[in-house]
1. Which ³J(HN,Hα) values in Hz, rounded to whole numbers, follow from the phi angles of the stretch A:292-308 under the Karplus curve 6.51 cos²θ - 1.76 cosθ + 1.60, where θ = phi - 60° and Gly and Pro get x?
2. Between A:Cys324 and A:Leu345, what length in nm is gained on full extension when 0.36 nm per residue of separation is reduced by their alpha carbon distance?
3. Going by the alpha-carbon gyration tensor, a ≥ b ≥ c the square roots of its eigenvalues, is the stretch A:119-169 rounded (a/c under 1.5) or, if a/c is not under 1.5, prolate (a/b greater than b/c) versus oblate?
4. At 0.36 nm per residue, minus the direct Cα-Cα distance, what do A:Glu169 and A:Thr364 gain on full extension? Give it in nm, one decimal, please.
5. Select from A:Ala226, A:Leu145, A:Gly210 the residue farthest towards the positive end of the dipole of chain A; place +1 on Cβ of Lys and Arg, -1 on Cβ of Asp and Glu, and compute about the Cα centre.
6. Mind jotting down the distance between the C-alpha centroids of the stretch A:302-317 and the stretch A:104-144, whole Å?
7. Taking beta carbons within 10 Å but only from partner chains, what does the mean come to for residues B:35-48?
8. Just from its helices, what would the mean residue ellipticity at 222 nm be for the protein assembly as shown, if runs of 4 or more DSSP H residues each count -39500 (n - 2.57) and the sum is divided by every residue, rounded to the nearest 500 deg cm²/dmol?
Amino acid sequence: MVRIDCLIFGYRKIKIPKDAVAKVTTRFLHMGVSVKISSDGEFTVRERDREKAHTALSGIEYTESECLGLLGAYKKIKNKPLVFSAVAVCMLFSSLSSCVVWDVRIDGNERITDAQIALELEGAGLSVGAPWWQLDRSKIEATLLRNSSEISWVNINRRGSVAYVSVAEKHTTDGDKSVVPSGYANVVARADCVIEEITVKRGVATVKQGDTVKKGDVLISGVLPAEAGGGFCYAEGCVIGRMSDTIGVTVERSYVKKSEKSKKIASVDLKIFNFSANIFKSYGNSDTECDIIKEIKTFSLFGKALLPLEISIDYATEYSKEACEYTDSEMVSVASARLTMLTDLALTHADLLKIRTSGHFTDTGYVMSNELVFTADVSSTLEFASE
Amino acid sequence: MTENKSKNLSSEGPLSPFHIEVNRIKRGISLVASGVIGINDFGEDRAVLMTHGGRIIISGDRLTVLIYEHNTVEISGKISEVGFTYGKN
């Protein structure tokens, strides 16, 4: 194994006869040269110890390799200007490319989107392609905190050419006096339901668990009773109600099928950092209908760092239309897929208790429906004036 | 009642320039000897190190010699036997 300093500063491999190993090692020992000699007589000498090694090997037959390691590679390519310049250009490019921001990664945000923070950062001067030497991170952090009302803390770190932005959002806790809304309001039901659970933050509950309420009924009143001192308040709370709903879909047997006729490249745009250039564009109108499909190709370095290079290709895809008919099984599968999607959407903020699915064929198609029983937050705030 | 006291090497005066240290390594055993003034014999299965006090005879297999500064020599490989002789002859 070759030592790391030998690899960097260059070394030579020397081979001597086996019977001369003892003599040579003794000479090296006396000269204080550090070498590792195997029993077959082969050893490596650092380039800086080469002269001493020659002295130690005087009178002994030996073979010596040319300079190896990084220094050897440099000596080899030094006399080849093309290779040397290519290596130099590569090194220059890599050093220059590390001088700009290649990617901005944001974490710690929940309510504010990445895009909003990225926009704020861009306004403060931090964006992909911005040179690192022009960025004052503490100044950007201060600007971001000053401009954004929803961020309470921000920290920008640099790892390689990637900026890691950590943010902490401002919390609107219950105990925070500043978030108490002004005015007066009742909490009303936004759907017909049976009350399952009621939690009052402010105001007086007018219903209890098990009560049946209709849409618009007052659940938590903002009018305080005389025992509580009277007056009005902004009622707040969480009311969970049990309700039922029916979601149905109808799939017609006949439908229009679009089939792709041709796909042509309409335009190609190249984007480097924030500079965009059109490198191809086709002209002329098509007599048939067509869709424009945009395909954006991005490039990354070893699948990690995103390069500031984008190729955007617009395809003009021409379609022809033809009338088709579903078979019975196709209609059922299409209806099932659509109904699943609608059900998932309806239950986004609800807990499902019971579901019943039914379907039947009609003269023109297939009708499928889901009868759902679920619990969800049914509270809705309705403000009122005190007069 | 006897008192057990650990030996303090610094109180014993300067250490002898002749010093051997043996360690287990990945490919066998490493023997580091200081105060070596010459290597009389070296081969794949035998090495003879000369010191002022005598000789160190190392037998084994696939032996490698590594020379450091200040008369320090390391012999590594599958060392099977280490012998000492008194005197330079």
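1. Working through the residues one at a time gives 9, 10, 9, 10, 10, 9, 10, 10, 10, 8, 6, x, 10, 7, 7, 7, x Hz.
2. 4.7 nm
3. In terms of gyration-tensor shape, prolate.
4. 64.8 nm
5. About the Cα centre, the residue reaching furthest to the positive side is A:Leu145.
6. A separation of 22 Å, based on Cα centres.
7. Neighbouring Cβ atoms belonging to other protein chains average 4 per residue here.
8. -6000 deg cm²/dmol
Values quoted throughout were computed directly from the atomic coordinates according to the rules given, and no laboratory measurement underlies them. Note that this is a predicted model, so its numbers are computed, not measured. Using ideal geometry, Cβ is built from the backbone for each residue, glycine included, and neighbour counts are taken over all protein chains shown.
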